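Trainee: My questions all concern the structure below.
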């Protein structure tokens, strides 16, 4: 019995030290994991912000390009109307051929 008591008095402090070491390792691992998750979330937030900024820029570019296209379409319409007016004035008809036609425009 005495040897068992001696063995327990030697083992209990060692087991306590091991438990404290394991607990310390576990808590530091939890802290590191939490910090890593926070870093990953921050990186994802930054990526999302960059993507939103890029999307906003592309949307503005699209709007500007659409305005340019609309202005060009309006200009083409004005020139087409002017061409028709001149043709009517001159008494000439100009028929535009299809893109698939192999000949020149017909007059």
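A short reminder: the numbers here are calculations on the coordinates, not readings from a lab. Values in this document were obtained by computation on a predicted structure and should not be read as measured data. For neighbour counting, all protein chains shown are included, and Cβ atoms are generated from backbone atoms with ideal geometry for every residue, glycine included.
Trainee: Gain in length, residue 35 to residue 67, computed as 0.36 nm per residue apart minus the alpha-carbon separation, to one decimal in nm?
Mentor: Working it through step by step, the gained length comes to 6.7 nm.
Trainee: While we're here: How far apart, in nanometres, would the label points at residue 89 and residue 11 be if each is projected 7 angstrom from Cα along the Cα-to-Cβ direction?
Mentor: That separation, rounded to one decimal, is 11.4 nm.
Trainee: Rounded, prolate or oblate: which fits region 29-78 when a ≥ b ≥ c are the square roots of the eigenvalues of the alpha-carbon gyration tensor, with rounded for a/c under 1.5 and prolate only if a/b beats b/c?
Mentor: Prolate shape, in that a/c is at least 1.5 and a/b is the bigger ratio.
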